[in-house]
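**Student:** I am attaching a structure below and will ask some questions about it afterwards.
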Amino acid sequence: MNAPNLQNVATFIKVVEVGGFAAAARELGVTQSTVSRRVAELERHLNRKLLERTTRRLLLTEAGATYCETVRTLISGLAEADVNLSDSGSDPQGLIRITTPLGLGRAVVLPGLARFAALHPRIRLEVDLSDRYIDILQEGYDFAVRFAEPHASGLEAKSVRSVERIICASPEFWRANPIERATDLQNDRCLVQRTYAPLLNWSVIECGSEICLHIRPRMVLSEIYSIYDMTRAGMGAAILPDFLVADDLKSGRLVGLQNISLTPRRIVLVWPTHKAQLRRVVAIREFLLKLLT
């Protein structure tokens, strides 16, 4: 079999990364019909269907997923080779797309990225602050900061520091709603976060034993800063991370439960295997390792 047209391969990869033909056309600066033609030519060359097109979304076939994972590294390597030559040994350049949880992003990652940008003026940043799970391979991200190890193939990860999670409330709330045992938290006392669904099951440790609480929430909110604000306002008790509440606990504006605790969560840095050696990805990885360790 003759080698495929590299332009067609790169166009296919771009369609997968951005999730559609129209978006790929905008990124590449060509017409949508040109993108469709290039992908069709690649499919004919391979004699395989790579993409299933529906009215609402675009799906990789099994052959398409296998091919994409194989050639993405090659295409990224070619692009990076061009960048490296044009850099002539200077500072890394290009776009880095990062996703991070909202609370950790606002409190820790974004202030750090401001310093990173000053160190690397030729790197552009696109940052998603969201508590939703993002498939970074499917959505074309270069880097993720998470609270869980990845389970998908094609990803590498590095665990950094732990984050303590504390059940806390205002002093006034605890006085009005004393907690003698963990089960006292279950009914109408807690604020919970909704991502795809409310986080109603809390696994807590009391007297050395793990207990699963099913929370009947007093309030459900969509993001961590709203929960933080309402906790400080005395609306209820909530699980909040140490990087948000350290000053409040020190000043007494919030009080954490001493006899009921939660298992800490690890911050994990995640990046696609096929982008591991890109100079801009190496730069952000090394910077965030120092920032978050």
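**Student:** Cβ-Cβ distance below 7 Å, separation of 6 or more or different chains: which pairs start in segment 2-26 with a residue that is in contact (Cβ under 8 Å) with a residue 24 or more places away in the chain and open to solvent by 10 Å² or more (accessible area, probe 1.4 Å) and end on one that is assigned to a helix (DSSP H, G or I) and among the small types (Gly, Ala, Ser)?
**Tutor:** VAL18/ALA24; PHE21/SER36
**Student:** Okay, next question. Take the residues in segment 229-279 that are hydroxyl-bearing (Ser, Thr, Tyr) and over 16 Å from VAL192 (Cα atoms); name whichever of them is nearest to the chain's Cα centre (by Cα).
**Tutor:** Checking each candidate, the answer is THR273.
**Student:** Would you please name the residue that is modelled with the lowest pLDDT, looking only at residues in segment 196-241 that are more than 23 Å from THR183 (Cα to Cα) and of a type in the set (D, E, K, R)?
**Tutor:** GLU223
**Student:** Looking at segment 32-54 only, could you name the residues that are of a type in the set (A, V, I, L, M, F, W, C) and free of Cβ contacts under 8 Å to residues at least 24 places away in the same chain?
**Tutor:** Across segment 32-54, the qualifying residue is only ALA40.
**Student:** Are any residues in segment 149-187 among the small types (Gly, Ala, Ser), out of contact with any Phe, Trp or Tyr (no Cβ under 9 Å at 6 or more places or on another chain) and touching a residue at least 24 places away in the same chain (Cβ under 8 Å), and if so, which ones?
**Tutor:** Within segment 149-187, SER153, GLY154, SER159, SER162, ALA169, SER170 meet the criteria.
**Student:** Restricting to segment 131-147, what's the tally of residues that are part of a loop (DSSP other than H, G, I, E, B) and either surrounded by 14 or more Cβ atoms within 10 Å (Cβ to Cβ) or among the β-branched types (Val, Ile, Thr) (or both)?
**Tutor:** 10
**Student:** Considering only segment 86-110, state which residues are open to solvent by 60 Å² or more (accessible area, probe 1.4 Å) and in a helix (DSSP H, G or I).
**Tutor:** Hits for segment 86-110 are SER86, ARG106, LEU110.
**Student:** For segment 163-195, how many residues are open to solvent by less than 60 Å² (accessible area, probe 1.4 Å), modelled with pLDDT of 95 or more and closer than 24 Å to VAL268 by Cβ?
**Tutor:** Residues that pass the stated criteria total 4.
**Student:** When the residues of segment 27-40 are narrowed to those that are within 21 Å of LEU137 (Cα to Cα) and open to solvent by 40 Å² or more (accessible area, probe 1.4 Å), which ends up modelled with the lowest pLDDT?
**Tutor:** So, considering only residues that are within 21 Å of LEU137 (Cα to Cα) and open to solvent by 40 Å² or more (accessible area, probe 1.4 Å), the one modelled with the lowest pLDDT is GLU27.
**Student:** Which residue out of VAL220, VAL282, VAL268 is within 30 Å of GLU69 (Cα to Cα), of a type in the set (Val, Ile, Thr) and in contact with a Lys or Arg (Cβ under 8 Å, 6 or more places away or on another chain)?
**Tutor:** Answer to the check: VAL268.
The values are calculated or read from the model by the stated rules, or taken from the named source; none is laboratory data. Worth saying up front: this structure is predicted, and the values here are computed from it rather than measured. Reconstructed Cβ throughout: ideal geometry from the backbone, glycine too, with neighbour counts over all protein chains shown. Ligands, DNA and RNA are excluded from the accessible area calculation, which covers all protein heavy atoms including side chains. Shrake-Rupley method; radii C 1.70, N 1.55, O 1.52, S 1.80 Å.
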